[in-house]
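Everything below concerns the one structure shown next.
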Amino acid sequence: MHAHFLDPYRPRISPIHALDPRIKFVLAVACILTAALMPLGAWAAYLLLFAVVLSVIILSELGVRYVLGRSALAFPFVLAALPLVLTAGPPLLAELPLGPWTLQVSQDGVVRFASIAVKSWISVQAAIVLSASTSFPDLLVAMRAVRVPRLLVAIFGLMWRYLFVLADEVLRLIRARAARSGESGEPGRRVGGSLAWRARVTGGMAGNLFLRALERGDRIYLAMAARGYDGEVRHFPLPPLAGRHWFTLAGGMALLAVLLVVSLLNG
């Protein structure tokens, strides 16, 4: 088992994968901004934007089930907006008695919460398509090309590299613990100890992981400095965008602009 399972990139032969990473990055960010700027309760505009994202998912050949399944990971975070259903005024949809208090669920609050949930869901789908159709090094190059601050791009790159290093260290610790934890052949005897014992072992593993990561990070930095690293990762210059790339970018931006204007006019 290797930490490569953390990489969301899924190579395919599709028009979306073949698209220049700069174009994909700009369109994905524009799609997320469009979803964020749409007014609350613009259900028809949400549906049209979802249809656009769904079309891109189908073109990418990533699989609708794959993208929708991973996008469901956003819902636990959306629950942070759940108190909105209790904050708006009348008209009320329901009253929930809770001890000495009464919680009032308002119609405007439900619309706000549902709008945030739908817009977040669509935005996460756009981000998943971008990350699954573009390798992370290409994404970093695209960020540099669109003038994202170099320090921020360097932080993203180092975080990505060290994520795999940490995952490898965790897997080694888990294998070492499994090698030291033999199973008893006696019936009725559980593997492992009590909850406190497991918490103590987990704490020890976390401390060991911190020390290993610190030492590994020092070694990696010294090796990078010995090779001339000065805080900036060099890469080959990207080729200029072809006419079809500009046409794709202009068409995508125009479509998103039309959806945003329609939602604002009808909102």
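The values are calculated or read from the model by the stated rules, or taken from the named source; none is laboratory data. Nothing here was measured: the structure is a model prediction, and the numbers come from that model. Here Cβ is always computed from backbone atoms with ideal geometry, including for glycine, and neighbour counts include all displayed protein chains. The protein model used for the area step is the full one, side chains on, heavy atoms only, and it has no ligands, DNA or RNA in it. Shrake-Rupley method; radii C 1.70, N 1.55, O 1.52, S 1.80 Å.
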| Across segment 100-126, which residue is modelled with the lowest pLDDT among those that are surrounded by fewer than 18 Cβ atoms within 10 Å (Cβ to Cβ) and closer than 22 Å to ALA44 by Cα? | GLN107
| note | Among TRP43, TRP121, the single one that is among the aromatic types (Phe, Trp, Tyr) and over 23 Å from PRO8 (Cα atoms) is TRP43
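Out of MET205, MET253, report the one residue that is hydrophobic (A, V, I, L, M, F, W, C), under 30 Å from VAL29 (Cβ atoms) and either assigned to a helix (DSSP H, G or I) or under 26 Å from the mean Cα position of the chain (by Cα) (or both). Walk me through it before giving the result.
Working: MET205 fails: under 30 Å from VAL29 (Cβ atoms).
Exactly one residue qualifies, and that residue is MET253.
Can you confirm whether ARG172 is charged (D, E, K, R), buried (at least 16 other Cβ atoms within 10 Å of the Cβ) and part of a helix (DSSP H, G or I)?
The answer is no for ARG172.
One line per residue, one yes/no per condition, for (1) of a type in the set (Lys, Arg); (2) out of contact with any helix residue (DSSP H, G or I) (no Cβ under 7 Å at 6 or more places or on another chain):
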residue	(1), (2)
ARG12	yes, no
ILE16	no, no
LYS24	yes, no
LEU27	no, no
THR34	no, no
TRP43	no, yes
LEU47	no, yes
VAL56	no, no
LEU62	no, no
| query | So, of the residues in segment 1-35 that are more than 20 Å from ILE58 (Cα to Cα) and at pLDDT below 90, which turns out to be least open to solvent (accessible area, probe 1.4 Å)? | reply | ALA3
| query | In segment 194-213, how many residues are among the basic types (Lys, Arg) and either surrounded by 12 or more Cβ atoms within 10 Å (Cβ to Cβ) or touching a residue at least 24 places away in the same chain (Cβ under 8 Å) (or both)? | reply | 2
| In segment 123-160, the residues that are in a helix (DSSP H, G or I) and either of a type in the set (D, E, K, R) or closer than 9 Å to PHE25 by Cβ (or both) | LEU130, ASP138, LEU139, ALA142, MET143, ARG144, ALA145, ARG150
| message | Just to be sure before I move on: is ARG216 charged (D, E, K, R), under 27 Å from the mean Cα position of the chain (by Cα) and surrounded by 11 or more Cβ atoms within 10 Å (Cβ to Cβ) in the structure I sent? | response | yes
| task | Evaluate the following for LEU27: is it free of Cβ contacts under 8 Å to residues at least 40 places away in the same chain, in a helix (DSSP H, G or I) and not charged (D, E, K, R)? | result | no
| query | Where residues in segment 42-90 are assigned to a loop (DSSP other than H, G, I, E, B) and exposed (fewer than 14 other Cβ atoms within 10 Å of the Cβ), which of them is modelled with the highest pLDDT? | reply | THR87
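Among LEU259, LEU222, which is the only one that is part of a helix (DSSP H, G or I) and touching a residue at least 60 places away in the same chain (Cβ under 8 Å)?
Testing whether each residue is part of a helix (DSSP H, G or I) and touching a residue at least 60 places away in the same chain (Cβ under 8 Å) leaves just LEU259.
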